[in-house]
Structure formats: C-alpha cells, structure tokens
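The values are calculated or read from the model by the stated rules, or taken from the named source; none is laboratory data. Treat the numbers as computed from the prediction; the structure is a model and nothing was measured. Methodologically, a virtual Cβ is constructed for each residue, glycine included, from the backbone with ideal geometry; neighbour enumeration extends over all protein chains shown. Please note that ligands, DNA and RNA were not included when accessible areas were found on the heavy atoms of the full protein model with its side chains. Shrake-Rupley method; radii C 1.70, N 1.55, O 1.52, S 1.80 Å.
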Amino acid sequence: MKIAVKYKMLFNSNKRLIFILFIFWGGIKSTFAQDPVLPATNLGLTNTIDAVSPPPGFYYINYTQIYTTKSNRNASGLPIDGSAKIDYLLSLHQLVYLSKIRVLDGNVHFTTLLPVVKLSAVAKGSESPSVNPHVLGDLTLGTGIQWFDKKLFNHTFWHRVEFDLNLPSGSYDPDFVINPSAHLYALSIYYSFTYLVSQRFSFGSRNQFNYNFSQLNSGTKPGTYYNGNYSIEYNPVGSLRFGIVGYYLKQFSEDSQYGNHNYFQDKYGITNTRERVLGFGPSLSAITGGGIFIEAKMFFETAAQNRPIGTRQTLRVAIPLKFSKKP
C-alpha cells in the first residue's frame, strides 16, 4: 500500500506527519562542583509517533523548551541546600533531508541541529555562578536509516536508526562557570520505533547511547550514559492525539580526569559523579491543514541524582519544505 494511504489510515486524515529526528538539548546540572556535567541531550523532545515518517523530502523542525529548576540533588537524591538554580529558554533549529537512497530496505536520511539557548542562574544567600551571555550551542550532524510502515504481528511498525556527532562549535569561555557549549566531541546512536496497536492506540520509544570525549584542552571527561524517550498515545478523532510521555537518563561510568575514574573522589571527595533523572507528563499533538505537525507537552521530573530536578515545557513544530511523492 502506498505511504500516502497509510498516513490516511493512521491519522484519519490526509495530512502528512513531519519527519522527526534527533534533538540535541537536555537538562543542565546546576550544582557547579568540580566534576563535569553531561553534554545536552534529548530529554523528552521527541515522543509522539517519533518513528513515523512522511515521504522523502526536506523538513524544518523547531523546538522551544523552557526548563525551570526546583532544586538540585546530590548522589543520594537529596536536596542540596544553597545550591544555584539554573533555568534556560531553548530554541532548537533542525533541518532534515530524507533521501530516496535505499539501504537495508530503508531510506537514508541526514540531519543538522543548531541550538540557541538563553541561560540564567540564581543562588540564594551566595554569589550566583557566572553565565556566558552568548547563546549558540553545539552543532550536531547525523545520518541514519528510516524504515517505513513495516509489519510486526500484523500491526504497522515504523522504526529508525541514527548516528550523531556533536561538534564543540558553540559559545564557550573558560572564564564562565556555565556555558552553552559542552566544549567536547561526542558520539551517539539511537533506535526509535512506533508500534500501532490499533487505528486509535500506539506506543513507542527512542533509546540512545552516548560516548563523550575529553573536553578540549583538558583531560576532563564526562562518563558514558543512556537516555530514552517513551510514549503511549490515543487518537480520538482526526489527527488529534493525546499521550502520556516520559524520558529517562542514566549515566553508566564515572567522570574521569586523564583516564582516572577515581580522580574526583580522591581530590574533591565526590564519591559518585553519575547522573540520573526521570521525567513524565501529558502531551497533545495535531496536524494542521497545511501539513504542519504541532506537539505541546509538560514534564515533571523525579528520581534525580547529581543534577537538578524541575519542569520542562516543550513545543515542537515541524514544517515540510519539499516533498517527493514516492519513498
């Protein structure tokens, strides 16, 4: 069956859903101890029918996210009194090209992401950490394979795999404690799927693994980590979809200094540098008459370790620039 027909069945509409790929921004650790923070990553920016794709073409996606810190948590998950709270306003710009090149029965795609972020920091009873006033985050380049509507146990199944490279190209100044750039190279790979249980119900997830190199001009290296996004969705009418969405981040290895994973314990007494956080909340999405995909969602965080806990408000808007009629 042609993809256009599949789309009509999926959304009870002839509108086209926008191809959503990797988004490179996440939370910021606001306790500015000596150990490094994890680079920004995708925490809940891609949930609803994430792996579903329209035909080949160009797409522009914008993500607006507001993160508000409520408190900072230590390695035991307890609040850190007097620690600085860091908030941000993010506008992430993504360009996607889904090609007609066929590999392993799927279509090759390419993507570029550029975050623009405004950071702010406030500390009660003490001096606030210095914040770089410049706004450019690190550029990310990615490529992968998109598989269209396949079948799994006689139900429609969409999936995608992608490799990404983070470039230390954003605003960074060692004179500031907090910077938009992670100031390092990083590699990641993710696998995303969306499974249509019925015409009305679907669920999916994106599972991503990340490897960080040492910060430039430094032996400081954040540990490897996993982050995943999840969603359960219901389509009551037309293209409208309600969802319960979430994300999870778990750092596997300790931060290190020139390969020494005990460095921060020996020098600063930081026995555990690994981060963790869980977020969940509601989402609402729809497709306009012009084929624009819009999703709004709100996340509430819990189970945080070595990082802040707060709320994320996210708006995702995806716009088709050029479409092909066939995959």
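I'd like the full set of residues that are assigned to a loop (DSSP other than H, G, I, E, B) and surrounded by 22 or more Cβ atoms within 10 Å (Cβ to Cβ), limited to the stretch 166-178. Talk me through it step by step, then tell me what you get.
To start, the set of residues in the stretch 166-178 that are assigned to a loop (DSSP other than H, G, I, E, B) comprises 167-177.
Gly170 - this is the single residue of the stretch 166-178 that is assigned to a loop (DSSP other than H, G, I, E, B) and surrounded by 22 or more Cβ atoms within 10 Å (Cβ to Cβ).
Can you name the residue in the stretch 179-204 that is in a loop (DSSP other than H, G, I, E, B) and hydroxyl-bearing (Ser, Thr, Tyr) and is also most open to solvent (accessible area, probe 1.4 Å) among such residues? Give the derivation first.
Here is the first cut: in the stretch 179-204, the ones in a loop (DSSP other than H, G, I, E, B) are 179-185, 197-200.
Adding the requirement that they be hydroxyl-bearing (Ser, Thr, Tyr) leaves 181, 185, 198.
Numbers: Ser181: 9, Tyr185: 103, Ser198: 53 Å².
Once the filter is applied, the top-ranked residue is Tyr185.
Of the residues in the stretch 107-131, how many are in contact with a Gly (Cβ under 9 Å, 6 or more places away or on another chain) and open to solvent by less than 50 Å² (accessible area, probe 1.4 Å)? Break it down into steps so the answer makes sense when it comes.
Narrowing the stretch 107-131 to residues in contact with a Gly (Cβ under 9 Å, 6 or more places away or on another chain): 108-117, 123-126.
Narrowing the set further to residues that are open to solvent by less than 50 Å² (accessible area, probe 1.4 Å) leaves 108-109, 111, 113, 115-117, 123.
Qualifying residue count, the stretch 107-131: 8.
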Original post:
If Gly238 satisfies every condition in (1) open to solvent by 10 Å² or more (accessible area, probe 1.4 Å); (2) farther than 21 Å from Thr273 by Cβ; (3) of a type outside the set (Lys, Arg); (4) modelled with pLDDT of 95 or more but one, which is the exception?
Top reply: (4)
Original post:
Has the stretch 254-269 got any residue that is open to solvent by less than 70 Å² (accessible area, probe 1.4 Å), in contact with a His (Cβ under 8 Å, 6 or more places away or on another chain) and acidic (Asp, Glu)?
Top reply: yes
**OP:** State which residue pairs qualify: first residue without any contact (Cβ under 8 Å) to a residue 40 or more places away in the chain and inside the stretch 125-137, second residue in a loop (DSSP other than H, G, I, E, B) and open to solvent by 80 Å² or more (accessible area, probe 1.4 Å) in any location, beta carbons under 7 Å apart, and separation of 6 or more residues or different chains.
**Re:** none
Original post:
Identify, please: which residue in the stretch 207-235 is more than 18 Å from the chain's Cα centre (by Cα) and more than 22 Å from Pro39 (Cα to Cα) and is, among those, most open to solvent (accessible area, probe 1.4 Å)?
Top reply: Tyr234
**OP:** Restricting attention to the stretch 132-151, report how many residues are open to solvent by 50 Å² or more (accessible area, probe 1.4 Å) and out of contact with any Ser or Thr (no Cβ under 9 Å at 6 or more places or on another chain).
**Re:** 1
Original post:
Can you tell me how many residues in the stretch 125-154 are hydrophobic (A, V, I, L, M, F, W, C) and not in a strand (DSSP E or B)?
Top reply: 3
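Would it be correct to say that Ile101 is of a type in the set (A, V, I, L, M), open to solvent by 50 Å² or more (accessible area, probe 1.4 Å), over 19 Å from the mean Cα position of the chain (by Cα) and at negative phi?
Numbers: of a type in the set (A, V, I, L, M): yes; open to solvent by 50 Å² or more (accessible area, probe 1.4 Å): yes; over 19 Å from the mean Cα position of the chain (by Cα): yes; at negative phi: yes.
Here the answer is yes, as Ile101 does meet what is asked.
Could you pull out the residue among Asn210, Asn229 that is of a type outside the set (Phe, Trp, Tyr), part of a strand (DSSP E or B) and farther than 18 Å from Glu301 by Cβ?
Working: Asn229 fails: farther than 18 Å from Glu301 by Cβ.
Going through Asn210, Asn229 in turn, the sole match is Asn210.
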Original post:
What about Ala75, is it more than 30 Å from Leu321 (Cβ to Cβ), surrounded by 15 or more Cβ atoms within 10 Å (Cβ to Cβ) and not polar (S, T, N, Q)?
Top reply: no
Original post:
If a residue has to be among the hydrophobic types (A, V, I, L, M, F, W, C) and open to solvent by less than 60 Å² (accessible area, probe 1.4 Å) to count, how many in the stretch 152-164 make the cut?
Top reply: 3
